[in-house]
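See below for the structure under consideration.
The values are calculated or read from the model by the stated rules, or taken from the named source; none is laboratory data. These numbers come from a predicted model, not from an experiment. For neighbour counting, all protein chains shown are included, and Cβ atoms are generated from backbone atoms with ideal geometry for every residue, glycine included.
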Amino acid sequence: MAKNSIDAYGASGKTNALSFDPEVVVLVTDKTSPLYDERVHLPVDEGLAKNIDFLGVLEPILILKNPETGDVEVVVGRQRVKAARLANQWRRARGVAPLQIPALVHKGKRESALDVIVAENEARTADTPLGRAEKMRKLAAIGRSEDQIAIIFKCTVATVRDTMRLLECTAAVQEAVDSGKVNLGHAKKLAALPPAEQRSKVQELVAAGETTTGHERARAQRAVMGEAVARMKTRKQIEAELSKAKGERAAALRWVLGTDATAGARQ
């Protein structure tokens with residue numbers, strides 16, 4: 001007789017996840033609700049939607065039933081729900097079966113849901129650039145295309161290429177990028193240099209960034225790399241560009257304006 005999953009894996013117990021059409025679960029927009037989170041108003045993350053379209057929803061959301069309305073409301077997983085809805089639009093257009101979204105019932109009290117909402121997002125630790133590059137390399141080694149890797153990492157193919165170039169850099173460059181002292185764009189250019197020049201140039205980049213911040217730091221480091229410094233645009237010009245931009249470009253412009261709202265959040 002086949003073992004059940006608890007015996008097979010040596011687990012202490014199990015919890016059965018429910019499955020929902022993502023259109024059925026409710027995203028709470030009532031600010032007086034203990035389940036309300038302002039990130040519910042963030043635009044749909046198309047990168048996450050592509051990831052879900054390709055892999056499905058890998059992590060269950062948390063839900064609670066509203067005793068007054070009977071609605072199944074989302075406690076944790078707002079961005080996954082919105083992205084799954086968009087992914088299903090694409091799938092229906094292709095004539096492919098829509099995806100279900102796995103969900104677990106939140107065991108805590110409705111009134112204390114905010115504790116979980118905050119803790120779930122704060123507990124997420126972003127991978128380092130080098131860690132991402134290593135994972136991309138492993139995916140490529142097992143036959144994943146650049147397009148597939150980009151979908152899995154919710155980025156562009158250009159970002160995949162730039163990130164993987166980090167593996168061609170010296171340890172000094174890798175350490176500078178991982179610590180946030182040098183960006184991937186500079187690392188991409190450094191990768192084309194001989195090792196000794198990489199180590200020398202990265203020292204200059206780090207030094208140029210140590211005494212400056214923000215735009216001044218970017219200009220100083222571009223000067224080290226011999227790059228032309230673009231004329232600073234006005235806020236009105238940046239806002240005009242933002243109205244037409246999408247994806248990573250839009251996120252970068254929001255960051256410049258100081259309006260970036262936890263772009264990486266998956267709530």
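Suppose we keep only residues that are in contact (Cβ under 8 Å) with a residue 40 or more places away in the chain and assigned to a helix (DSSP H, G or I) within the range 114-130. Which one would you say is surrounded by the fewest Cβ atoms within 10 Å (Cβ to Cβ)?
LEU114
Being touching a Lys or Arg at 6+ places or on another chain (Cβ under 8 Å), in contact (Cβ under 8 Å) with a residue 60 or more places away in the chain and not small (Gly, Ala, Ser) is the filter; apply it to the range 60-83 and report the residue that is surrounded by the most Cβ atoms within 10 Å (Cβ to Cβ).
Once the filter is applied, the top-ranked residue is ARG80.
How many residues are in a loop (DSSP other than H, G, I, E, B), without any contact (Cβ under 8 Å) to a residue 60 or more places away in the chain and at negative phi if we restrict to the range 94-113?
So in the range 94-113, the residues in a loop (DSSP other than H, G, I, E, B) come out as 95-100, 106-109.
Checking which are without any contact (Cβ under 8 Å) to a residue 60 or more places away in the chain leaves us with 95-97, 106-109.
If we keep only those that are at negative phi as well, we get 96-97, 106-109.
Residues meeting the conditions: 6.
Here are LYS181, LYS154: which of them is farther than 14 Å from GLN221 by Cα and in contact with an Asp or Glu (Cβ under 9 Å, 6 or more places away or on another chain)? Give the steps one after another, and end with the answer.
Details: LYS181 fails: farther than 14 Å from GLN221 by Cα.
When all the criteria are applied, what remains is LYS154.
Can you pull out the residues in the range 30-82 that are small (Gly, Ala, Ser) and within 25 Å of VAL96 (Cβ to Cβ)?
Result: GLY47, ALA49, GLY56, GLY77.
Among the residues of the range 20-52, how many are at pLDDT below 95, within 15 Å of VAL76 (Cα to Cα) and of a type outside the set (Val, Ile, Thr)?
Within the range 20-52, residues that are at pLDDT below 95, within 15 Å of VAL76 (Cα to Cα) and of a type outside the set (Val, Ile, Thr) number 9.
Conditions (1) basic (Lys, Arg); (2) in contact with a helix residue (DSSP H, G or I) (Cβ under 7 Å, 6 or more places away or on another chain); (3) modelled with pLDDT under 95, marked per residue:
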site	(1), (2), (3)
LYS82	yes, no, no
ARG85	yes, no, no
GLY95	no, no, no
LEU99	no, yes, no
ALA119	no, no, yes
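Determine whether GLU111 is surrounded by fewer than 16 Cβ atoms within 10 Å (Cβ to Cβ), of a type in the set (D, E, K, R) and either within 29 Å of SER179 (Cα to Cα) or touching a strand residue (DSSP E or B) at 6+ places or on another chain (Cβ under 8 Å) (or both).
On the way: surrounded by fewer than 16 Cβ atoms within 10 Å (Cβ to Cβ): yes; of a type in the set (D, E, K, R): yes; either within 29 Å of SER179 (Cα to Cα) or touching a strand residue (DSSP E or B) at 6+ places or on another chain (Cβ under 8 Å) (or both): no.
The answer is no for GLU111.
Can you tell me how many residues in the range 37-59 are among the hydrophobic types (A, V, I, L, M, F, W, C), part of a helix (DSSP H, G or I) and loosely packed, with under 15 Cβ neighbours inside 10 Å?
2
Condition first: among the β-branched types (Val, Ile, Thr), outside any helix (DSSP H, G or I) and out of contact with any His (no Cβ under 9 Å at 6 or more places or on another chain). Now tell me which residues in the range 6-36 satisfy that.
Once the filter is applied, which keeps residues that are among the β-branched types (Val, Ile, Thr), outside any helix (DSSP H, G or I) and out of contact with any His (no Cβ under 9 Å at 6 or more places or on another chain), the range 6-36 yields THR15, VAL24, VAL25, VAL26, VAL28, THR32.
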